[in-house]
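Enquirer: Structure provided below as structure tokens; questions to follow.
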Amino acid sequence: MPANDDDYLQLSGIQHFTFCRRRWALIHIEEAWSDNLLTVEGRLMHEHAHNPFFTEKRGDIIITREMPIFSKTLGVSGQCDVVEFYADKNGVDLHGRIGLWLPRPIEYKHGSPQMNDSDRLQLCAQAMCLEEMLLCPAIDTAYLYYGETRRREAVDLTPELRETVRTMFAEMRQYYERRYTPRVKPTKACKSCSLKDICLPRMPKSGSVREYIDGAVGGAE
Ligand code: SF4
């Protein structure tokens, strides 16, 4: 559990961490960032999905956008693109609403379904935050919406997926506390990585961005 608010890790970092540990460290430890087409498209889609503080009711579903979330247990904070609350006798009270409600997070992605588990892990982490914050029963299913297919994909939030979320955040916290940036291990994913010009994947021995800059500046003297 983090000692203070500044020690919470960003929940969305789990996508980068799954894609490449080094990419996560460059963004979240060394605070390097570089846009490419994929990240710009993704951000625009999120801005479209987000309508802060907006809640509406459609039939038996309450829809909330850009809901802040956190988990003391996982030591992470972030927000959900959309949370749908369904009327359910096993649900929880919501302020100002009659009845009992169960949440299901929905995460918007601009592309198509990933080969890896990054989107499902992010979604599962969101559900785990909601369960802890609202003291509600385990959420069994949540949804990913992909802009390319314009379809919702149901994701089973299995014990295995939940355990991977816990393991990844624990590993992430170790890196964060040690300020550790893993060394380059070039893969096919580097081609589409927005940080490839910063990361320098063709230099296998390069360590942190700071080491590279210090080396480059030192070499110029
Ligand atoms: S360029 Fe490759 S090694 Fe570097 S951060 Fe991106 S995915 Fe990771």
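Enquirer: Can you check what the Kirkwood hydrodynamic radius comes to for segment 51-172, Cα pairs only, in Å to one decimal? Numbers along the way, then the final one.
Expert: Numbers: mean 1/r = 0.0673 Å⁻¹.
So the Kirkwood estimate lands at 14.9 Å.
Enquirer: What percent antiparallel are the DSSP beta bridges of segment 90-159, to the nearest 5? Each step should come with its number before you reach the end.
Expert: Details: 7 of 11 bridges.
Here the share of antiparallel DSSP bridges comes out near 65 percent.
Laboratory data are not the source of any read-out in this text; all were calculated from the coordinates shown. Given the structure is predicted, the values throughout are model-derived calculations rather than measurements.
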